[in-house]
């Protein structure tokens, strides 16, 4: 049981008090967010918590949990600079070693998302120290996974592999299925970088088999389809596209538009240029509107090259301008 679960159990018997009722709703919001029930968390925050604190001062303890929630929401919404702002306030306002471990992990993840890798490692290592002291094996395995991910980004693949294998050993020993699935995904990325594509596919398929929620499945499915496209196994890539489409309405807005990008690639490989353009335009319009520049940066140059190849020069020029803009913004 983590500190938030414990707080909820301790708070609920005193729900008659306005303070405890307010605290209960913000703790429940945080709990739902951590369980991945994002819409329920948002509903509880907006419809239960916010009306209660309207026109009244909020105790520091309650505000700390609110900032924790807002940090998490911004992280999920691909707004890591805002998540950093909230998480650092939380870190300064808590004395709980367990909670500090969680916050240090999330600060490390936020720094990773803005490509500040040394800062990321500093906070991730602090998180791992907390989890070692408290013997929190699941959190430790997850932290080793994140550490491995950072080292992949740093192109230090042997170091990355070492931390991922440490995490995998713990995940297998204690049967932490969700952590194991994430680690297998990242080990596959190392294989992909080393051009060991068959091994990468094998690990990604193992990772997929351990996942249940579509918004977790999509992350690994996109990576798997990318590798299958590289191997020119387009029919198999289309198979995974079809599987995702069965639950497409359950995807978050960000994941839905990420899916459009990979589906567009498969359309292109099957000769459907019109649908490729349609999917890419819809996805890039969304990321532009939300100012999520990293996806624009990742995909527009390739998109522009493809449009140029098919003699769509005016549209290619517009897309190249987006590439330049994204490099300044990201």
| said: Just to be sure I understand the model, the point goes 7 Å from the Cα along the line to the Cβ. What's the resulting residue 116 to residue 312 distance in nm? | reply: 3.8
| Tilt relative to the chain, helix 18-34 - C-alpha long axis, 0 to 90 degrees, to 10 | 30
| said: As I understand it, the value is the acute angle between the Cα axis of helix 197-209 and the longest principal axis of the Cα atoms of the chain; what does it come to in degrees, rounded to 10? | reply: 40
| note | So for R0 = 51 Å, FRET eff. of residue 50-residue 155 from the Cβ-Cβ r, to 0.05, ends up at 0.70
| query | residue 206 label point, 7 Å along Cα→Cβ, cut-off 19 Å on backbone N: hits in the stretch 220-250? | reply | 220-225, 227-228
| field | Helix 253-269 axis, angle to the chain major axis (alpha carbon atoms, nearest 10°) | value | 20
| In the stretch 43-98, what is the volume of the convex hull around the alpha carbon atoms, normalised per residue and reported in Å³? | 97
| task | May I ask you to give the average projected area over all directions of the convex hull of the Cα atoms of the stretch 142-298, in nm² rounded to one decimal? | result | 9.3
| request: Can you tell me the FRET efficiency between residue 269 and residue 243 if r is taken as the Cβ-Cβ distance and R0 is 22 Å, rounded to the nearest 0.05? | output: 0.80
| request: Rank the residues 222, 296, 230 as a footprinting-exposure proxy: fewest other Cβ atoms within 10 Å of their Cβ go first. | output: 230, 222, 296
| request: List the extent of the Cα atoms of the chain along each of their three principal axes, largest first, rounded to whole Å. | output: 67, 46, 37
| note | Subtracting the Cα-Cα distance of residue 177 and residue 236 from 0.36 nm times their residue separation yields 18.7 nm
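Throughout, read-outs are computed from the coordinates displayed, never taken from laboratory work. Since the model is a prediction, treat every value here as computed from it, not as a measurement. For neighbour counting, all protein chains shown are included, and Cβ atoms are generated from backbone atoms with ideal geometry for every residue, glycine included.
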